[in-house]
Amino acid sequence: MKNTFLKRVALVLLVGVSFSSCENSDPITVDIETQDFVWKGLNAYYLYQDQVENLSDIRFSSDTQLVNFLSDFSSPEDIFNSLTIAGDNRSSLVSNFNLINTATPFRNSFTTGLEFGVMKDPTRIDSIVGYVLDVLPSSYASTQNIARGEFFYAVVDENNNIIRLAEDNYIDNLIEYQQSTLSLLMSDFDGTTLTPNGKRVDLIKEQYQHPAIHLKKVIDLAPTKVGYLMYQNDFSRNYIQDLNATMLEFRNEPIDELILDLRYNIGGGSFANTVAEISSMITGQFANEVLIKETWNTKAQEWFQLNQPDSIVTRFPTTLENGTTINSLNLTDIYIVLNGNDYRGNAALELLINSLDAYMNVHVIGNSTTGNNIGAITLYDSPDYDFFAMNVNHTYALQPAVLTFSNLNDQTYQNGLSPVMQLCPTENPLELGELGEATDPILNRILNYITTGTIAAPPACNSLGLEILYNSIHDQIIEDNGIFIKQDLPNLGR
């Protein structure tokens with residue numbers, strides 16, 4: 001059974017595998033030892049090894065032939081690029097492994113706490129209208145008289161000049177401003193008419209640590225109790241204890257169904273073991289049953305199936321990595337909200353959806369996901385490819401794609417996952433409502449779906465043709481680097 005999975009950490013090899021036909025006594029000199037490491041690592045573990053002629057086990061009949069091949073490449077980058085297939089955007093070569101061996105930091109920002117969007121003002125050429133998307137809890141903005149769904153049209157600079165916001169100045173005045181205070185002049189706006197309302201809001205940037213849980217509540221749809229959880233952070237281990245505590249609160253209600261709202265989630269921080277832990281929080285009735293299956297390259301897969309078949313599956317855990325008991329909800333239905341042009345789910349979320357789909361009703365709300373079902377590992381230049389006894393002559397590490405994921409029913413998702421309820425690409429700035437309340441159109445549709453079992457016809461998207469120019473939350477989305485794993489593998493020597 002797999003012990004754990006980690007993003008951007010070494011693949012711990014109690015064994016270091018090489019399926020190469022070359023012997024360990026290769027006459028490798030210092031000037032090509034990094035190229036040798038790259039070739040051997042990819043030959044052993046690369047997912048597409050059997051598609052690359054120069055990685056074939058029978059490509060070289062002697063050590064000398066391999067050395068001559070390696071000597072043709074002037075850098076590790078050159079040989080890495082030559083040995084990976086076209087279109088492989090998951091594999092990477094890291095020139096300094098010290099840059100990837102740091103823990104994921106907790107999410108901090110220097111912010112007023114105001115999340116906002118900007119759209120063109122249809123009533124005035126070149127002017128724009130700002131609108132409030134969210135006010136972060138316990139931020140400076142949360143202490144001021146400003147709320148989601150309000151509009152602003154101008155700022156007041158430090159010389160007390162009123163500056164009407166326009167396409168050519170909103171970045172300087174709303175995003176990259178230098179003064180200590182952001183002073184907004186508010187307005188009413190109905191999509192066709194903008195009317196200043198005399199309200200001014202002064203906001204100050206502060207260092208802000210984002211809360212683990214953005215919003216949680218229980219919605220009583222008698223006789224059904226629905227847990228609502230808005231989660232905006234990454235999927236690193238930083239917040240797993242907080243999620244587990246929230247599940248305990250929901251279990252004590254108890255709730256019958258769960259809405260996981262990720263419309264403003266920043267993605268990133270993909271951990272397969274965290275996916276398994278969250279899966280057990282949502283369910284609980286499937287302890288130790290197979291949740292995730294792995295498929296490695298042909299030769300590695302054959303070895304695993306013959307010798308260690310249980311090492312290429314992940315089962316529902318009953319405890320967190322630190323031994324804490326997982327608080328399970330024993331649910332049969334979960335509603336996962338995705339929304340927005342720039343967020344279609346990250347690799348960890350896709351793995352969660354696909355893995356749970358074999359056991360419960362997973363209702364995806366929003367857009368189709370991108371389809372990233374590939375796992376990668378980190379290899380170091382050491383006898384077992386782990387972080388110990390490394391070659392001190394260089395700091396390179398390999399992060400190759402090594403496997404694909406599927407669920408209990410062998411279903412995978414390389415082409416993405418489709419929603420059961422489609423949402424508009426962007427929220428309507430004129431009808432945002434309050435997060436966590438039925439006035440929020442997205443939440444209201446889901447609650448109606450839960451109550452009636454019927455998906456209502458989608459509303460008209462952007463019927464007024466409003467042109468969105470900017471969304472402050474989209475700027476915070478983290479690049480999805482996929483899922484990294486930690487795995488014990490057979491040791492047949494390098």
Discussion item. So for the stretch 156-165 (the condition being out of contact with any Asp or Glu (no Cβ under 8 Å at 6 or more places or on another chain) and part of a helix (DSSP H, G or I)), does at least one residue qualify?
Written reply: no
Worksheet item: Does the stretch 64-75 contain any residue that is β-branched (Val, Ile, Thr), within 30 Å of ALA44 (Cβ to Cβ), under 21 Å from the mean Cα position of the chain (by Cα) and surrounded by 13 or more Cβ atoms within 10 Å (Cβ to Cβ)?
Response: no
Worksheet, complete the sentence: Restricting attention to the stretch 142-172, the residues that are surrounded by 15 or more Cβ atoms within 10 Å (Cβ to Cβ) and of a type in the set (Ser, Thr, Tyr) number exactly 2
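The rows are residues; the columns are (1) of a type in the set (Phe, Trp, Tyr); (2) assigned to a strand (DSSP E or B).
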site: VAL226; (1), (2): no, yes
site: LEU229; (1), (2): no, yes
site: TYR239; (1), (2): yes, no
site: GLU249; (1), (2): no, no
site: PRO254; (1), (2): no, no
site: ARG263; (1), (2): no, no
site: ILE266; (1), (2): no, no
Worksheet item: Hey, VAL290 hits all of (1) among the hydrophobic types (A, V, I, L, M, F, W, C); (2) in contact with a Ser or Thr (Cβ under 9 Å, 6 or more places away or on another chain); (3) buried (at least 23 other Cβ atoms within 10 Å of the Cβ) but one; which does it fall short on?
Response: (3)
Practice prompt. Residues being among the aliphatic types (A, V, I, L, M), farther than 16 Å from TYR264 by Cα and crowded, with 16+ Cβ neighbours inside 10 Å: count how many of those fall in the stretch 431-454.
Written response: 3
Response to the item:
Apart from one, (1) modelled with pLDDT under 95; (2) in the same structural domain as GLU257 (by TED's automatic domain parsing) all hold for THR123; the odd one out is (2)
Worksheet entry | Considering residues of the stretch 85-102 that are without any contact (Cβ under 8 Å) to a residue 60 or more places away in the chain and either small (Gly, Ala, Ser) or touching a strand residue (DSSP E or B) at 6+ places or on another chain (Cβ under 6 Å) (or both) only, the residue surrounded by the most Cβ atoms within 10 Å (Cβ to Cβ) | GLY87
Discussion item. Looking at the stretch 261-269, can you tell me whether even one residue there is modelled with pLDDT of 95 or more, in contact with a strand residue (DSSP E or B) (Cβ under 6 Å, 6 or more places away or on another chain) and not small (Gly, Ala, Ser)?
Written reply: yes
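Being part of a helix (DSSP H, G or I) and out of contact with any His (no Cβ under 7 Å at 6 or more places or on another chain) narrows it down to one of ASN322, ASN327, ASN354, so name that one.
Being part of a helix (DSSP H, G or I) and out of contact with any His (no Cβ under 7 Å at 6 or more places or on another chain) holds for just one of ASN322, ASN327, ASN354, which is ASN354.
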Worksheet, complete the sentence: Reported set for the stretch 33-58 where residues are surrounded by fewer than 16 Cβ atoms within 10 Å (Cβ to Cβ) and under 18 Å from ALA401 (Cα atoms) is ASP50, GLN51, GLU53, ASN54, SER56
Item to complete: Quick one: which residue in THR404, THR314, THR395 is among the β-branched types (Val, Ile, Thr), in a loop (DSSP other than H, G, I, E, B), buried (at least 16 other Cβ atoms within 10 Å of the Cβ) and modelled with pLDDT of 90 or more?
Response: THR395
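Identify, please: which residue in the stretch 190-209 is touching a residue at least 24 places away in the same chain (Cβ under 8 Å) and of a type in the set (Ser, Thr, Tyr) and is, among those, surrounded by the most Cβ atoms within 10 Å (Cβ to Cβ)? Spell out the reasoning first.
Start the filter on the stretch 190-209 by keeping residues that are touching a residue at least 24 places away in the same chain (Cβ under 8 Å), which leaves 190-194, 196, 199-209.
Imposing the further condition that a residue be of a type in the set (Ser, Thr, Tyr) reduces the set to 192-193, 208.
Working: THR192: 8, THR193: 10, TYR208: 18.
Among them, the one singled out is TYR208.
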Fill in: Flag for LEU203 being in contact with a Lys or Arg (Cβ under 8 Å, 6 or more places away or on another chain) and not in a loop (DSSP other than H, G, I, E, B)
no
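If the requirement is being surrounded by fewer than 12 Cβ atoms within 10 Å (Cβ to Cβ) and either not assigned by TED's automatic domain parsing to the domain that holds THR181 or not in a helix (DSSP H, G or I) (or both), which of these qualifies: SER82, SER61, SER109, SER139?
Of SER82, SER61, SER109, SER139, the one residue that is surrounded by fewer than 12 Cβ atoms within 10 Å (Cβ to Cβ) and either not assigned by TED's automatic domain parsing to the domain that holds THR181 or not in a helix (DSSP H, G or I) (or both) is SER61.
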Worksheet item: From the set of residues in the stretch 360-392 that are free of Cβ contacts under 8 Å to residues at least 40 places away in the same chain and out of contact with any helix residue (DSSP H, G or I) (no Cβ under 6 Å at 6 or more places or on another chain), which is surrounded by the most Cβ atoms within 10 Å (Cβ to Cβ)?
Response: MET390
Response to the item:
When the stretch 148-189 is checked residue by residue, the ones that are basic (Lys, Arg) and without any contact (Cβ under 8 Å) to a residue 40 or more places away in the chain are ARG164
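Residue-wise test of (1) of a type outside the set (A, V, I, L, M, F, W, C); (2) under 18 Å from ILE312 (Cα atoms); (3) over 22 Å from the mean Cα position of the chain (by Cα).
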position: LEU349; (1), (2), (3): no, no, no
position: ASN354; (1), (2), (3): yes, yes, no
position: HIS363; (1), (2), (3): yes, no, no
position: SER368; (1), (2), (3): yes, no, no
position: PRO400; (1), (2), (3): yes, yes, no
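The values are calculated or read from the model by the stated rules, or taken from the named source; none is laboratory data. Given the structure is predicted, the values throughout are model-derived calculations rather than measurements. A quick note on method: Cβ atoms are made from the backbone with ideal geometry, for glycine too, and the neighbour counts reach across all protein chains shown.
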